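Have a look at the structure below, then the notes.
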Amino acid sequence: MDARSEASLIESNATVPKTAALRTEWIETAALALAERAARPPAAAVPDTVTPERIREETGTSDPVGRDPIGQSVTRLEDLPLVRGQARFAADLSFPRSLHMRIVRSSVPHGRIASIDASAALALRGVVAVWTHHDVADIPCIPLREGKSAELDPYLQPILADGIVRYVGDPVAAVFATDPYLAEDAAERVIVDIESLPVITEATAPLGEFLPGLPSEPTIVRKGYGDVDAAFAQADLVVELELAIGRHSGVPLETRGAIGRYDASRDVLELHGAAKVPHRNRDALARMLGRSPHSIQLFELHVGGGFGVRGEIYPEDVLVLLAAMRLERPVKWIEDRYESLLATNQSREQLHRVRAAVRADGWVLAMDDEFFHDQGAYVRTHGDRVVDMTAGILPGPYVLPNYRVAGHYRLTNKTPAATYRAPGRFESTFVRERLFDAIAERLGMDPIELRRRNLIQPQQMPFPRGIDTISDTIVFDSGDYPLLLDKTLDALHWEDLKESLRQRRATGETVGAGLAYFVEKSGLGPADGVRISVDFTGAVEVVTGGASVGQGFETVVAQICASTLGVDYRRVRVIHGQTNRIQYGIGAHAGRATVMTGSATHNAALKVRAKALEMAASLLGASADQLSVVDGQVVYASGDVAGAGRTVSLGDIASALAPTAPARGGREPGLSAEGWYETHSMTYPYGVHVAVVKVDRDTGAPRVERFFVGYDVGRAVNPMLVEGQIVGGVAQGLGGALLEEFSYDERGEPLAVTFADYLLPTLADVPAVEVMLTEDAPSPLNPLGIKGAGEAGINGVGAAIAAAIDDAIGQPGAVTRLPVSPARLKALLRRRAS
Amino acid sequence: MKQPITLQVNQNTYDIEAEPRRTLADALREDCGLTGTHLGCEHGVCGACTVIVDGDPMRACLMFAVQAEGRAIRTVEGLAAGATLHPLQQAFIDHHALQCGFCTAGFLMLATSLIERADPPDDQELLDALSSNLCRCTGYKNIVNAVRAASVALRQR
């Protein structure tokens, strides 16, 4: 019996509970059983047969988890150094004789650099160099990750501004000094004279020149299917809306950091503090610096949150590398918060003009959307992918037989924009779900009934969406959308909830509920590989090209490896983000880590397991199909055969497979294997968000009383971590829906440059988010049925909050712009009063 | 101009030399080698740098090292007793109260100062106090659960 059939057996005996409450109870029962087992004398003390059956017997038949680490809410491998203060984030790493870099940034949103005078800075003792564009003119602009684009390449960012500054925060000069305080002092002494030029501050401004000879709109992303014009001609009703999403971003609590070091003795250039996509960045940096990728090594340290913004190549990453080589000393750069709010990728800002063609019975015939995406001042590594994803995913979970979209990609004199957790989905879900609420209102139909009538049905799966996005053809792989809606409404006692809210409104409270449905995307391919090896102590190492941004990557990969191989997950060490350990890697983005790296781990572990069983069979004088691996020991799968009871550990098998071991015979040396997973289709999880919001009529302050997420994750490797991802995502979504906005004045001056202006949600702003995970639609695309979970929490928050506020204030369709700040909400309340 | 400063951190003595403008956070991190205290904003909003000074939670980014001279400083590195974690550290692990872990030291020190008080705060006071630090990953739910659990565990010891 192999690991998978053992696992299936266990699963068939124990259906995973579908509600949060039941699941909690189930997890507690399982934890109790495991604790009881741990309290017993170790199995090794019992000399008789150890079989999977026996272990299951010992753990008790009521143990629903059995021994499969997949599906267990185990605690994280990552936590110990983090709670002890022993972690190493970028700022925590110091090399001897380091220089510290400080960037001089433009204080003008658009202008021509007349002069830069660094003499006063250079006069300070300890200041080693001050660089301007002139010093780095041989270095090309930071390229698009996915290759050249004739339309977008002219807008790429140089590592120091080339004659023109385009946003407040644009790097103009780099100061290198022996001490970070000194570097900051010196940067203040660099005198930059800039002649201001006219600014563009809105993506919806009339088309013009952004730079001499270059239009403010380099491209328009168009997608669609069906005959939209014919659908509108037949429509009983046409609903049109203008909707805006505010500019906000990931804002990790750790600012960016980069440490460059050049080791001349080996001719190796090192970048410490890499994140997200170290391997892709290594290749890009190699091209920019004219070096072989083998001679550049990127090292991920602890990462204080990624959310899409950290780990892209920014000017500072290139500057520390270049300086490390040219100044012949390690160079450290740690961003401060003010810089972070000016210079790290921003996101989300879009204005949509959307309309729907609707039949009187609620069937939505067509959606037609034109939107304007505010890219800011440069094209960064993602190019137009956020626009592309917005356009690709906008139709969501509804059939929508006809669809047309045009996304205008526009440059403005603001901080450059790129991806932020659920890029294009937070935006498009807000637009689509606002539109559906408006249609329901115009038809006088219950908004849930309207959604139900338009949802893609389970028998339509797999459902080809009819469009491509980011080079994948969208085919929803599996799902039962009506079922998740039903389960969500049941879990919430929806009718009772609505009634209680009605009663509270009748007594004068301003309270309401709203719902949003969405389809997520995850598991962007095309391929990922890992290498697993077992050492002579039986410890397992999984070397991945994945990356950790704090999401629990190590634990999840260890659980998958442990499940397939038959070891305790705590014996598995997971390596990530180290380009000198593995040649390729996809990193951590686009909901990829668990799906791609997890599946590759599964495949590699199967190979290691097969190798182990074959060698063990020889050592035990058995045949491999009689054996199984349990807790790091190869054992007889059944106690009823001759020789049952004899075991051999994976560590001993590894020793027997050493190159010099006689027992190895002609076998390939090493208890190790490489495994790959390839896919050309993304997998599509889906979810429902429900918010209950109360509004203070005097102040306009909204208070989120409840937030509920129903989400089908296909298969949860670690439900506790999935829930953690979702709850955290909701909190970020609440920020974007209610608090966070990078606002600019009409001259292009940023107004949110400290945490006093840019408001992250605090504990007081976030309710105890309720999560219902379901596993009704495992992905048919990967061996474990996994779908991504990282973006499930944030996707629908803007949409659900908007609907809840409409309901609370009794003004359907009132919310057309995010974030709904108290000032905007107060204005809506006043509008009602007048 | 650097001057000699003596800091008492986790009951150890550190003789350092620092400029008067050096923040306590930088002195702890760079001069004492205690990098468990993190800097998230350097203007006193996020609370990642929270340490305990004479029993009270303080933003180490808003305090100069010279101001901490002669006072008892506690940082995250001093929470565990050898291999034995502080109940709050254990509770953070058990309740999945951290993801990236960058804010964790600040929350641990803030919460320690609250739950170790002779008159521990009631739940509302606890929530009010915890809302003074920022976490970008967890959505706070599990942090609250962990602190509540540790508060109970501590009183049962």
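Readers should treat all values here as calculations from the given coordinates under stated rules, not as data from a laboratory. None of the values given here were measured: they were computed from a predicted structure. Here the Cβ positions follow ideal geometry from the backbone for every residue, glycine too, while neighbour counts run over all protein chains shown.
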Tally Lys and Arg at +1 and Asp and Glu at -1 over the other residues with C-beta under 12 Å from the C-beta of residue A:309: what net charge comes out?
+4
For segment B:3-78, what is the relative contact order in percent, using Cα pairs closer than 8 Å and at least 6 residues apart in sequence?
38
Residue by residue through segment A:386-397, what is 3J(HN,Hα) from phi via Karplus (6.51 cos²θ - 1.76 cosθ + 1.60, θ = phi - 60°)? Round to whole Hz and write x for glycine and proline.
5, 5, 4, 5, 4, 5, x, 9, 3, x, x, x
Let me check I have the definition right: for segment A:695-735, take the eigenvalues of the Cα gyration tensor, multiply each by 5, take square roots. What are those semi-axes in whole Å, largest first?
30, 9, 7
Dipole of segment B:83-139, positive direction: furthest Cα of B:124, B:100, B:112, with charges on the beta-carbon:
B:100
Averaging sequence separations of C-alpha pairs under 8 Å and six or more residues apart, then dividing by the length of segment A:488-612, give the relative contact order as a whole percent.
30
Convert 25 °C to kelvin, take the viscosity as 0.890 mPa s, use the Kirkwood radius over C-alpha pairs of the protein assembly as shown as Rh, and evaluate the Stokes-Einstein diffusion coefficient in µm²/s, rounded to a whole number.
83
Restricted to chain A, the DSSP antiparallel beta bridge percent, nearest 5, is 75
For segment A:513-593, what value does the Rg/Rh ratio take when both radii are computed over Cα atoms and Rh is the Kirkwood radius, given to two decimals?
1.09
Long pairs among A:487/A:787; A:276/A:521; A:498/A:694; A:223/A:787; A:521/A:607, criterion Cα-Cα beyond 21 Å:
A:223/A:787; A:521/A:607
Leading residue at positive end of dipole, segment B:3-78 (Cβ point charges), from B:58, B:3, B:28
B:58
Assign unit charges at the C-beta atoms only (+1 for Lys and Arg, -1 for Asp and Glu), then state the dipole size of segment B:3-78 relative to its Cα centre in Debye, rounded to the nearest 20.
200
Taking the alpha-carbon centroid of each part, what is the distance from segment A:280-334 to segment A:639-686 in angstrom?
36
Rg ratio (alpha-carbon, reference 2.2 N^0.38 Å) - segment A:216-283
2.24
For segment B:87-156, with equal point scatterers placed on the C-alpha atoms only and solvent neglected, what are the log10 I(q)/I(0) values from the Debye formula at q = 0.14, 0.22, 0.24, 0.26 1/Å, to two decimals?
-0.34, -0.88, -1.06, -1.25
Would you tally the net charge around residue A:376, using a Cβ to Cβ cut-off of less than 11 Å, leaving residue A:376 out, and scoring K and R as +1, D and E as -1?
+2
Among A:708-715, A:405-412, A:135-142, A:790-797, what's the highest-first ranking by average C-beta atoms within 10 angstrom per residue?
A:790-797, A:708-715, A:405-412, A:135-142
Just need the relative contact order of chain A here, percent rounded to a whole number, with Cα pairs under 8 Å and 6+ apart.
15
Zero-based 5 Å bins, Cα pair distances in segment A:415-482, whole percents
3, 13, 15, 20, 22, 15, 7, 3, 1, 0
Summing +1 per Lys or Arg and -1 per Asp or Glu among the other residues with Cβ less than 12 Å from residue A:739's Cβ gives -3
Amide H neighbours of residue A:630 under 5 Å, at least 5 residues apart or on other chains, H built in the peptide plane: list them.
A:635
Of the residues B:94, B:54, B:123, which exhibits the maximal mean-square fluctuation in a Gaussian network model of chain B defined by a 10 Å Cα contact cut-off?
B:123
Could you put A:270, A:316, A:146, A:254 in order, starting from the residue whose Cβ has the fewest other Cβ atoms within 10 Å?
A:146, A:270, A:316, A:254
Farthest toward positive dipole pole in the protein assembly as shown [+1 Lys/Arg, -1 Asp/Glu at C-beta], among A:277, A:265, A:160:
A:265
What is the diffusion coefficient of segment B:3-78 in µm²/s, taking the Kirkwood radius over Cα pairs and the Stokes-Einstein relation at 20 °C with a viscosity of 1.002 mPa s?
181
As a check on your grasp of the helix formula, calculate [θ] at 222 nm for chain A: sum -39500 (n - 2.57) over DSSP H runs of n ≥ 4, divide by the residue count, round to the nearest 500.
-9000 deg cm²/dmol
For segment A:774-834 and segment A:472-504, what is the separation of their C-alpha centers, rounded to whole Å?
13
Need the C-alpha centroid separation for segment A:159-234 versus segment A:603-622, integer Å.
57
Enumerate the amide H contacts of residue A:296 below 5 Å, restricted to partners 5 or more residues apart or on another chain; note that Pro and chain-start residues carry no placed amide H.
A:269
